[in-house]
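Structure record follows, encoded as structure tokens.
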Amino acid sequence: MQNFTYYAPTEVIFGEGTESRTGEEVKKWGGSRVLLVYGGGSVKRSGLLQQVEEALDKEQIAWTEYGGVKPNPRLSFAEKGVKKALEFGADFLLALGGGSAIDTAKAIAHGTANPDTNLWDIWTGKEPLEKSLPVGVVLTISAAGSEMSDSAVLTNETTGRKQGLSTPFNRVKFAVMDPRLTLTLPKYQVACGIVDIMMHTLDRYFTHTKGNEMTDEIAEALLRTVIRNGTKAYENPGDYAAASELMWCGSLSHNGLTGLGAEKDFAPHKIGHELSAKYDVAHGASLSAVWEAWALYVYREEPERFARYAQKVWGINCTDPIEAAEQGIRATAAYFKSLDMPVCIGELEIGVRAEEELLDMAKRCTGNDSFTVAKFKVLHQEDVLEILRMANHR
């Protein structure tokens with residue numbers, strides 16, 4: 001196990017009806033003027049937005065709405081949110097929704113606290129981030145784990161670049177998590193969330209770090225729990241028990257716990273980000289579309305690691321590590337297919353792509369081969385291109 005510092009300060013308020021406590025939580029964390037950040041009309045139709053606003057009114061907290069967040073959240077929308085927050089005098093951001101709403105709220109918080117600094121310069125590390133506004137969350141989608149992570153992602157529409165930012169300032173103050181809020185989600189959204197939860201742990205699990213027993217056991221247990229309850233939630237959207245397990249797994253999968261003491265890889269995420277940025281496909285779908293190709297390309301770097309995954313997560317007992325690794329990879333792809341998720345680029349709505357489009361994504365992923373991607377197998381531009389080719393024609 002490598003040295004690590006673990007910091008997960010977010011207060012979690014979990015269970016049925018907990019959204020009614022939103023006002024007191026905002027007040028506890030110093031909020032008096034709140035910008036409510038959300039996506040489409042679902043939070044209005046469900047009554048959640050009204051319920052949260054009433055909870056804020058009860059605590060005499062001023063608020064204003066900022067709706068319209070899109071999947072793969074946009075830089076321009078966050079920048080407009082900064083202007084609205086400054087005009088309102090917001091001192092607290094409250095996200096209602098999933099990863100896109102949360103990441104947008106985080107970005108607005110950073111921009112509002114640093115109004116004289118270009119937000120994209122903060123996001124790309126050109127300008128240091130030394131202060132931000134507090135953020136709270138009412139979670140409605142089990143997927144991104146942004147409610148407990150130190151990361152957030154934005155897409156710059158002008159450049160076509162999708163960029164992640166990791167900083168302690170991305171840690172939200174509290175997360176209200178009522179699994180009932182996920183029970184009416186479309187099945188496709190549930191499936192995308194399941195893939196994303198799994199991938200946050202898989203991208204940490206495939207590492208060459210040895211002697212990380214406790215972390216490995218946690219990761220494997222989480223994956224088994226997601227797989228088991230993911231099927232239940234997908235087949236029966238009203239299953240509260242399954243939804244509860246998925247919601248908690250989503251948070252644990254991306255708060256750092258399942259990768260403590262090990263190198264992180266995140267190659268499938270980085271490659272998937274290029275698909276999302278270029279074609280605006282759903283994040284979970286971009287991950288399932290490239291994962292099998294990535295795994296088949298890299299697993300011979302250490303087939304024993306993939307064999308352990310096959311045995312511990314899928315119950316595959318095979319003495320040959322190569323065969324066990326391949327069976328584990330096939331089992332994962334088959335599970336994604338059982339959720340009607342794409343397992344190659346051709347199964348995305350964008351269809352099979354031309355070679356020049358794949359090359360463009362490989363260049364973007366590696367900065368025109370100016371840096372490498374990943375740790376399990378270091379990937380250069382040609383490696384990323386080959387993975388995209390494999391994913392394109394499977």
Worksheet item: Out of residues 5 or more away from Ala144 or on other chains, whose amide H comes under 5 Å of its own, with H placed 1.01 Å from N in the peptide plane?
Response: Gly99
Fill in: Cα centre as origin, Lys/Arg/Asp/Glu Cβ charges: the range 121-202 dipole, Debye
120
Worksheet item: Which of the helices in the chain meet the span-like rule: DSSP H, Cα axial reach of 24 Å or more, Kyte-Doolittle mean at least -0.5?
Response: 187-205, 213-235, 321-338
Worksheet item: Rounded to the nearest 10 Å², what accessible area does His283 show when all protein chains are kept and the probe is 1.4 Å?
Response: 40
Item to complete: Rank-order 208-217, 189-198, 147-156, 339-348 by packing density, defined as the average count of other C-beta atoms within 10 Å over each peptide's residues, highest first.
Response: 189-198, 147-156, 339-348, 208-217
Worksheet entry | Farthest toward positive dipole pole in the range 100-218 [+1 Lys/Arg, -1 Asp/Glu at C-beta], among Thr124, Ala191, Gly160 | Ala191
Discussion item. If you roll a 1.4 angstrom probe over the protein chains with everything in place, what fraction of the accessible area of the range 97-170 belongs to carbon and sulfur, to the nearest %?
Written reply: 46
Practice prompt. With θ set to phi - 60°, apply the Karplus curve 6.51 cos²θ - 1.76 cosθ + 1.60 along the range 32-46 and write out the HN-Hα couplings as whole Hz, x wherever there is a Gly or Pro.
Written response: 10, 9, 10, 9, 8, 10, 8, x, x, x, 5, 5, 7, 4, 6
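Leaving ligands and nucleic acids out of the surface, order Arg171, Arg21, Arg45 by accessible area at 1.4 Å, largest first. Each step should come with its number before you reach the end.
On the way: Arg171 40, Arg21 95, Arg45 190 Å².
The residues order as Arg45, Arg21, Arg171, largest area first.
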Worksheet item: Any idea what the dipole of the chain comes to, in debye rounded to 20, about its Cα centre with Lys/Arg Cβ at +1 and Asp/Glu Cβ at -1?
Response: 340
Worksheet item: What residues have an amide H closer than 5 Å to that of Arg161, excluding those fewer than 5 places away on the same chain, when H is modeled at 1.01 Å from N in the peptide plane?
Response: Asn156
Response to the item:
Sparse-neighbourhood loop hits (trypsin sites (Lys or Arg not before Pro), the range 64-159; DSSP loop; Cβ within 10 Å at most 11 others) -> Lys126, Lys131
Practice prompt. Pull up the DSSP beta bridges for the chain and report the antiparallel fraction as a percent, rounded to 5.
Written response: 20
Worksheet item: Within the range 182-324, how many Lys pairs sit with Cα atoms under 17 Å apart, leaving out pairs fewer than 8 places apart on the same chain?
Response: 4
Worksheet, complete the sentence: For the range 127-142, Karplus-derived ³J(HN,Hα) couplings (6.51, -1.76, 1.60; θ = phi - 60°; whole Hz; x for glycine and proline) come out as 10, x, 9, 10, 7, 7, 8, x, 10, x, 9, 10, 7, 10, 9, 8
Worksheet item: If one computes the Cα centroid of the range 1-50 and of the range 97-154, what distance in Å separates the two points?
Response: 14
Worksheet entry | Shape category assigned to the range 39-125 from the gyration tensor of Cα positions, a/c cut at 1.5 | oblate
Item to complete: Identify all lysines with a Cα-Cα distance to Lys27 below 24 Å; exclude those on the same chain that are fewer than 8 residues away in sequence.
Response: Lys44, Lys58, Lys83, Lys84, Lys106, Lys131, Lys173
Worksheet item: Rounded, prolate or oblate: which one fits the chain, using the alpha carbon gyration tensor with axes a ≥ b ≥ c (rounded when a/c is under 1.5, else prolate when a/b beats b/c, else oblate)?
Response: prolate
Practice prompt. List the relative contact order of the chain as a percent without decimals, with contacts defined as Cα pairs under 8 Å and 6+ residues apart.
Written response: 15
Response to the item:
The long-range amide H neighbours of Val176, using H built 1.01 Å from N in the peptide plane and a cut-off of under 5 Å, are Ile13, Val137, Val138, Leu139
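When a/c reaches 1.5 or more, the comparison of a/b and b/c decides; with that in mind, is the range 79-161 rounded, prolate or oblate per its Cα gyration tensor?
Working: a/c = 1.67, a/b = 1.20, b/c = 1.39.
Here the range 79-161 falls in the oblate category.
The values are calculated or read from the model by the stated rules, or taken from the named source; none is laboratory data. Every value quoted in this text rests on a predicted model; they were computed, and no experiment measured them. Glycine also receives a Cβ, built like all others from the backbone with ideal geometry; neighbour counts cover every protein chain displayed. Calculation scope for accessible area: heavy atoms of the full protein, side chains included, ligands and nucleic acids excluded. Shrake-Rupley method; radii C 1.70, N 1.55, O 1.52, S 1.80 Å.
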